[in-house]
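**Q** I'd like to ask you about the structure that follows.
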Amino acid sequence: MAYTLPELGYAYDALEPYIDARTMEIHLTKHHAAYVTNVNAAIAGKPELEEKCPGELIADLKAVPDDIRGVVRNHGGGHVNHSLFWKMIAPGGAKAPSGEFAAAIDAAFGSFDAMKEAFGKAAAGRFGSGWAWLCSTEGKLSVCSTANQDNPIMGPDFGGFAGDCRPLLGLDVWEHAYYLNYQNRRPDYIAAFWQVVNWDVVTARFTGAGCCGEK
């Protein structure tokens, strides 16, 4: 079964002034749509791959034939990453972590602000295109970044990380995610990101909610 472009679930301008409507529209309907089209083309006619949800597909890239592995890594990864991203920045929800999740952040980083600082450094320090992530590995939180459309669940052989690493929060730092509004000012975009995070969604990922496309 072919993968499909998800519905955004909110208006393109719902995150303004932090992320502008035109960027949201282009990001979803052009960039994300291209990832869906290309990964579908790569796995077409291969039922052993088509039957997997997107998260399962990119989490086991060794099972993907060599001749399409790069396309699946890049475009399948782009599909998974963006499908998560739209939910993580959905309007509404809590404005900060609470309860067990807040306690886990404090235990790992010392404070919520310290976590944000570490995450911001990972996002700003990613050379070229990629993502910054807050992850949980067997219940322990950490911050990391990946290149291009790699995802932590891909494992260490493919830009990800060892163990049962679950991405909780991700920030797209490809220029297409912010250039119309922020141009070369990536630090300003990173600062604005904290104004649109939906912490209910992120907390749900920490407590284990989600579909296989999100692992």
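**Q** Does Leu84 count as part of a helix (DSSP H, G or I), crowded, with 22+ Cβ neighbours inside 10 Å, hydrophobic (A, V, I, L, M, F, W, C) and in contact (Cβ under 8 Å) with a residue 24 or more places away in the chain?
**A** Yes.
**Q** So is Ile153 surrounded by 19 or more Cβ atoms within 10 Å (Cβ to Cβ), over 30 Å from Asp60 (Cβ atoms) and aliphatic (A, V, I, L, M) or not?
**A** Answer is no for this residue.
**Q** From the list Phe109, Phe85, which residue is over 20 Å from Tyr178 (Cα atoms) and of a type outside the set (D, E, K, R)?
**A** After applying the criteria, what remains is Phe109.
**Q** Of all residues being small (Gly, Ala, Ser) and in contact (Cβ under 8 Å) with a residue 40 or more places away in the chain in the range 56-81, which is farthest from Tyr3 (Cα to Cα)? Just the residue, please.
**A** Among them, the one singled out is Ala59.
**Q** Next up: For the range 173-210, which residues satisfy the criterion of being modelled with pLDDT under 95 and not β-branched (Val, Ile, Thr)?
**A** The answer is Ala204, Arg205, Phe206, Gly208, Ala209, Gly210.
**Q** In the range 59-70, which residues are crowded, with 16+ Cβ neighbours inside 10 Å, part of a helix (DSSP H, G or I) and not basic (Lys, Arg)?
**A** Ala59, Leu61, Ile68, listed by residue number.
**Q** So is Ala2 in a helix (DSSP H, G or I) and within 16 Å of Gly77 (Cα to Cα) or not?
**A** no
**Q** Restricting attention to the range 123-180, which residues are touching a residue at least 40 places away in the same chain (Cβ under 8 Å), in a strand (DSSP E or B) and of a type in the set (D, E, K, R)?
**A** The answer is Arg166, Asp172.
**Q** Now, a different point. Just a yes or no: is a residue in the range 8-27 under 26 Å from Arg186 (Cβ atoms), of a type in the set (Val, Ile, Thr) and out of contact with any Phe, Trp or Tyr (no Cβ under 9 Å at 6 or more places or on another chain)?
**A** Yes, the range 8-27 contains at least one residue that is under 26 Å from Arg186 (Cβ atoms), of a type in the set (Val, Ile, Thr) and out of contact with any Phe, Trp or Tyr (no Cβ under 9 Å at 6 or more places or on another chain).
**Q** If you don't mind, another one. Can you tell me which residue is farthest from Asp172 (Cα to Cα) among those in the range 1-21 that are in contact (Cβ under 8 Å) with a residue 24 or more places away in the chain, in contact with an Asp or Glu (Cβ under 9 Å, 6 or more places away or on another chain) and exposed (fewer than 14 other Cβ atoms within 10 Å of the Cβ)?
**A** Among residues in the range 1-21 that are in contact (Cβ under 8 Å) with a residue 24 or more places away in the chain, in contact with an Asp or Glu (Cβ under 9 Å, 6 or more places away or on another chain) and exposed (fewer than 14 other Cβ atoms within 10 Å of the Cβ), the one farthest from Asp172 (Cα to Cα) is Met1.
**Q** Name, by its number, the condition in (1) modelled with pLDDT under 95; (2) under 17 Å from the mean Cα position of the chain (by Cα); (3) under 22 Å from Gly99 (Cβ atoms); (4) of a type outside the set (S, T, N, Q) that does not hold for Gly170.
**A** (1)
**Q** Is at least one residue of the range 31-51 basic (Lys, Arg), part of a loop (DSSP other than H, G, I, E, B) and modelled with pLDDT of 95 or more?
**A** Yes, the range 31-51 contains at least one residue that is basic (Lys, Arg), part of a loop (DSSP other than H, G, I, E, B) and modelled with pLDDT of 95 or more.
**Q** Return the residues of the range 104-144 that are within 17 Å of Thr207 (Cβ to Cβ) and not hydroxyl-bearing (Ser, Thr, Tyr); say none if nothing qualifies.
**A** Ala104, Ile105, Asp106, Ala107, Ala108, Leu134, Cys135, Glu138, Gly139, Lys140, Leu141
**Q** Related question: Scan the range 13-42 residue by residue and report those that are within 15 Å of His82 (Cα to Cα) and hydroxyl-bearing (Ser, Thr, Tyr).
**A** Thr23, Thr29, Tyr35, Thr37
**Q** All but one of (1) assigned to a helix (DSSP H, G or I); (2) touching a residue at least 12 places away in the same chain (Cβ under 8 Å); (3) of a type in the set (Gly, Ala, Ser) hold for Ala96, so report the exception by its number.
**A** (1)
The values are calculated or read from the model by the stated rules, or taken from the named source; none is laboratory data. Just so you know, these numbers come straight off a predicted model, no measurement behind them. Positions of Cβ are generated from backbone atoms using ideal geometry, with glycine treated the same way; all protein chains shown enter the neighbour counts.
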